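Participant: If you scroll down you'll find the structure; I have some questions about it.
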Amino acid sequence: MIDHIRAVVVRVRRRAGVGLMLAGTTAALAATAGSATAATHDYCNWDGSYNGTPAWTICFQSGDNWLTNNHAWLPYLPVTPTIYCGARLSGVDYGGWSGGNPSCDHAYGGGNLLKAGEYVSVAATTHGSITY
Amino acid sequence: MTIKRISLSLVAAGLCVAGSVAVASGDDVTPPAQPPTPVAADATSSFAVFQRPANSGDVMPPVTRRILADTAAREGADLDGARAVAASAGRSVWAIPGPNKVCLAIPDPVDGFGINCADVATAKSGRLWVTLVGLPGQKLGDVRIAQFVPDGVDAVIAQGDDGKGRTITASDNVAFADVTSGTIGFSDGFGDHRVRVDGTPKALLSSAG
C-alpha cells in the first residue's frame, strides 16, 4: 500500500514538473517576443498616476529613448483643453507638436534619441505614455 | 356511464390536449419577436471617402505603415482601408477607418505623423481633428490642421482670433489647411459644429532650435 502511494506521489511530481517546465518555456518565449518588439511606458508620472499639468508647461519624460510613439490624454471628460504631444532632440524641439482633444498622438520613425513631452492649453489632469 | 368509463374518457381527453399542445409547440417554428440589435456605426459605411475605390495614391508606403502601426493597432484602425486625402510635406494626409473609429494622420515634415482618432459619431460632428504646431517656419499662432467632416459638407470656415474668416474646401471628408488660432467648423442639418484650435504658443517659439 505504501509503495502504491509512493508511486502515485512520484507520478504527480513528474506531471507537476512537466507542467512547470512548459510554463517556464512559455514564459521564456513570451519574454523573448516582448524584448523583440517596442513596449509602452508611462511618462511624466512614471508610476502610472495622473499628472496635474499647468497650461503651456511641458511635462517631459525623464530620459531619452528611441521614441516611436508619444500618446497622452485627458482622463477626466468632458474637458476643453487641447493636449499636445511632441519631443525634443538634444534640448531642441524635434518637428511639431501634435494637438487634439481628448488625446494627442505623435508617431516617429524611431531613428533618434528623443525626449517626449506633453502640454495642455488649459490646466488639466493628463496622462502620458511613450512607446520605444 | 360508469365511473371507470368516465375516468378513461378524462384520461383520453387529457392525452388529446397534451398532444395538441405538443404538436402546436412542435409546429411553431416562428422565433419569438426580438428587439432589433443596434448596429455599431461603421466608418467604412458611414463616410464616402472609405467607399470610393482605392487609387495608386492610396497605397500606403511601407515606412508610413510601420510608423502608424502602433497607433492603428491600439485604435483598431485598418491601414489597408486608408485613403490619402491630401498632400503635405511630400507625403500624404491619411484618413484611416476602423470598425467604429476613424483616424486622421498629418505628416510632420521633420519625422513621423500627428494622429488623432475618434468614434464615428464624434467624426460626424466635426470633433475629429488633429493639429501640428511649432513646426519649422510657423509663427506665433500658426497651426496646421486636418478636420474630418461628414458626407455632404464640402467646406469649413476657419475664424481667426483676429476676426478674419476663411473658407477651406473639404475633399474626401477632410479639410486640411494652415490657419491661425481661432475656431474651425461647419454647419449642417444637425447644427453648428465648431472647435477651438490653438496655434503655436510663445513657449514653443522660445525653445525652438
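Participant: Out of all the residues in the range A:104-123, which are buried (at least 22 other Cβ atoms within 10 Å of the Cβ), among the small types (Gly, Ala, Ser) and either more than 7 Å from chain B (Cβ to nearest Cβ) or at positive phi (or both)?
Facilitator: Matches in the range A:104-123: A:ALA116, A:GLY117.
Participant: Also, quick follow-up: Within the range B:192-209, how many residues turn out to be outside any strand (DSSP E or B) and closer than 14 Å to B:TRP129 by Cα?
Facilitator: Residues in the range B:192-209 being outside any strand (DSSP E or B) and closer than 14 Å to B:TRP129 by Cα: 2 in total.
Participant: Considering only residues that are in a strand (DSSP E or B) and within 8 Å of another protein chain (Cβ to nearest Cβ), look in the range A:53-84 and name the one that is surrounded by the most Cβ atoms within 10 Å (Cβ to Cβ).
Facilitator: The residue in question is A:TYR84.
Participant: Next up: So, B:ALA89, is that one more than 9 Å from chain A (Cβ to nearest Cβ) and without any contact (Cβ under 8 Å) to a residue 60 or more places away in the chain or not?
Facilitator: Numbers: more than 9 Å from chain A (Cβ to nearest Cβ): yes; without any contact (Cβ under 8 Å) to a residue 60 or more places away in the chain: yes.
It is true that B:ALA89 is more than 9 Å from chain A (Cβ to nearest Cβ) and without any contact (Cβ under 8 Å) to a residue 60 or more places away in the chain.
Participant: So which residues in the range B:106-140 are buried (at least 24 other Cβ atoms within 10 Å of the Cβ), within 13 Å of the chain's Cα centre (by Cα), facing another protein chain (nearest Cβ under 8 Å) and in contact (Cβ under 8 Å) with a residue 40 or more places away in the chain?
Facilitator: Result: B:CYS117, B:TRP129.
Participant: Out of curiosity, is B:THR167 more than 14 Å from every other protein chain (Cβ to nearest Cβ) and β-branched (Val, Ile, Thr)?
Facilitator: yes
Participant: Only one of (1) in contact with a strand residue (DSSP E or B) (Cβ under 8 Å, 6 or more places away or on another chain); (2) farther than 25 Å from B:ASP188 by Cβ; (3) not hydroxyl-bearing (Ser, Thr, Tyr) is not met by B:ALA86, so which one is it?
Facilitator: (2)
Participant: Out of (1) away from chain A (no Cβ under 14 Å); (2) touching a residue at least 12 places away in the same chain (Cβ under 8 Å), what's the single condition that is false for B:ASP198?
Facilitator: The number of the failed condition is (1).
Participant: Moving to a separate point now. Please determine, by comparing only the residues of the range B:105-157 that are part of a loop (DSSP other than H, G, I, E, B) and of a type in the set (Lys, Arg), which one is nearest to A:GLY117 (Cα to Cα).
Facilitator: Applying the filter and picking the extreme gives B:LYS139.
Participant: Is at least one residue of the range B:184-191 assigned to a helix (DSSP H, G or I) and either away from chain A (no Cβ under 14 Å) or modelled with pLDDT under 95 (or both)? Before the answer, list the steps.
Facilitator: Quick first cut of the range B:184-191, residues assigned to a helix (DSSP H, G or I) only: none.
No, because not a single residue in the range B:184-191 is assigned to a helix (DSSP H, G or I) and either away from chain A (no Cβ under 14 Å) or modelled with pLDDT under 95 (or both).
Participant: When you go through (1) farther than 18 Å from B:ARG66 by Cα; (2) more than 13 Å from chain A (Cβ to nearest Cβ) one by one for B:ARG144, which number turns out not to apply?
Facilitator: (2)
The values are calculated or read from the model by the stated rules, or taken from the named source; none is laboratory data. Here the structure is a predicted model, which means the values were calculated and not measured. Methodologically, a virtual Cβ is constructed for each residue, glycine included, from the backbone with ideal geometry; neighbour enumeration extends over all protein chains shown.
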